[in-house]
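Chemist: Below you will find the structure I want to go over with you.
The values are calculated or read from the model by the stated rules, or taken from the named source; none is laboratory data. Remember, predicted model here, so these are calculated numbers, not experimental data. Glycine gets a Cβ as well: all are built from the backbone with ideal geometry, and neighbour counts include every protein chain shown.
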Amino acid sequence: MSTIIQKINKSDQKLARLSAKILSESEEKASKNKTEAIKLSIHGSEEVVIIPLKALKLLNAIISNMAQGKSIALIPTEAEISTQQAAEILNVSRPHVIKLLEKGEIPYKKVGSHRRILLQDLLEYEANFKSDRRKKLDTLAREAQLLKFGYE
């Protein structure tokens, strides 16, 4: 599967806004009812497609982003990415990513002279980093409250 990145035009955005609410409500109902498969009928066709609830959630996320005018990129989590792509995902510099790799914080492999990172490993690192940061910020906020640094 290749990555698909396209700019969202105004007509796509408008159509996505109309669909986003319906998809969101459908996803909510299906989740409440613990439905595992969803039937979709295709307008202009007699076909009915049955998809997993996870696929509906993904479709909902895509449509919601389109409604906001955001571009979309789909990459399988098993995909290998370059250090530049990893830097763009983490919103850091490429040299910083290389330091993280060399310190062993993110697993990688070398293909020739190039480093390749599994997207899944990068996303796991990002989730752990965010969780760690949240815990540290909570601790700092509690200490600031105890020291009466303007927090009530």
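Chemist: So which pairs qualify, if the first residue must be in the range 126-152 and within 25 Å of residue 85 (Cβ to Cβ), the second must be surrounded by 10 or more Cβ atoms within 10 Å (Cβ to Cβ), the Cβ gap must be under 7 Å, and the two must be at least 6 apart or on different chains?
Modeler: Going by the 7 Å Cβ cut-off, the qualifying pairs are 126/90.
Chemist: Sort out which residues of the range 98-127 are of a type in the set (A, V, I, L, M, F, W, C) and over 18 Å from residue 77 (Cβ atoms), and write them in order of number.
Modeler: Selection gives 98, 100, 101, 111.
Chemist: Something else now. For a quick check of your reading: which helices (runs of 4 or more DSSP H) sit entirely within the range 36-152 and have at least 1 residues that are touching a Gly at 6+ places or on another chain (Cβ under 9 Å) and loosely packed, with under 15 Cβ neighbours inside 10 Å? Even if it seems obvious, please write down each step before you answer.
Modeler: Numbers: elements: 53-67, 83-90, 94-102, 119-146.
Of the helices (runs of 4 or more DSSP H) lying wholly inside the range 36-152, those with at least 1 residues that are touching a Gly at 6+ places or on another chain (Cβ under 9 Å) and loosely packed, with under 15 Cβ neighbours inside 10 Å span 119-146.
Chemist: Can I ask one more? Anything in the range 55-81 that is of a type in the set (Gly, Ala, Ser), in contact with a strand residue (DSSP E or B) (Cβ under 9 Å, 6 or more places away or on another chain) and either in contact (Cβ under 8 Å) with a residue 40 or more places away in the chain or not assigned by TED's automatic domain parsing to the domain that holds residue 26 (or both)? List them, or say none.
Modeler: Selection gives 71, 79.
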